[in-house]
Each structure stands twice: as structure tokens, then as C-alpha cells.
Amino acid sequence: MTERMILQRAGSFELLYARNGREAVSVAREARPDLILLDVVMPEMGGFDACQALRDEAATHEIPIILVTTRGDAEHVETGFASGCSDYVTKPLNGVELIAKIRSLIE
């Protein structure tokens, strides 16, 4: 199940979407969401770079960021946290775990 489907089924979130990393940074800058969910592998700007860009901007610096990826090895997890993510989840996603992490970060 995709993260979009998990969040839609949870029903208590307003979702904004971006097609790539650059657009994600732009949308976050303007909308200032409560939380950002970024895939590590995205066109134009990957999740690690987008996360770092969001952390470098005053408007988005404090927004919790969860990175989502199929790459759960220690090197990728370390790179994710070094880029500034608040948490890191691997695919296939566990819907209960993802929702719990989101709620924990936004409450």
C-alpha cells in the first residue's frame, strides 16, 4: 500500500502533493504544512537534497520530515538523518507504524 493510500484511509489529514523534489520544496515553502513526507528517490531533486534544502530555509526549518524509501541499509538511514529528517521509514510501509510516527511528530 502506498503512503498516499495509507493517509487517505486514515482520513484525518489534508494532503498536498508534489511531482518532484524541487516542487516539494516550493510547495512546503508556500503552504508550511504540519509535516512533510518525502520519498528518497524523486526526479529533479532527491529526497536527501530536498530535506537539506527544507532545513536550510527559515520558513520550513522546524517542520518535521519523514523520509520514505526502499533503502533501509545503515548508510542510507545515516544519510537521511544527516540531511535533517525527523524520522525514516522503509517500504513496504506498515500503515499503522507510519500513522503512529506522523501523529507523534505533529502532536
Given (1) crowded, with 16+ Cβ neighbours inside 10 Å; (2) over 15 Å from Pro64 (Cα atoms), where does Ala28 come up short, assuming only one miss?
(2)
With the structure loaded, tell me whether Val68 is among the aliphatic types (A, V, I, L, M) and under 17 Å from Arg22 (Cα atoms) or whether it fails that test.
yes
What are the residues in region 69-95 that are at pLDDT below 95, in a helix (DSSP H, G or I) and hydrophobic (A, V, I, L, M, F, W, C), if any?
Ala74, Val77
Taking region 53-83, which residues are under 19 Å from Arg32 (Cα atoms) and either surrounded by fewer than 17 Cβ atoms within 10 Å (Cβ to Cβ) or among the basic types (Lys, Arg) (or both)?
Arg55, Asp56, Glu57, Ala58, Ala59, His61, Glu62
Out of all the residues in region 85-102, is one or more aromatic (Phe, Trp, Tyr) and buried (at least 16 other Cβ atoms within 10 Å of the Cβ)?
yes
In the list Leu93, Leu37, which residue meets the criterion of being out of contact with any strand residue (DSSP E or B) (no Cβ under 6 Å at 6 or more places or on another chain) and within 21 Å of Glu107 (Cβ to Cβ)?
Leu93
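The values are calculated or read from the model by the stated rules, or taken from the named source; none is laboratory data. As the structure is a prediction and not an experimental result, all values here were calculated from the model. Positions of Cβ are generated from backbone atoms using ideal geometry, with glycine treated the same way; all protein chains shown enter the neighbour counts.
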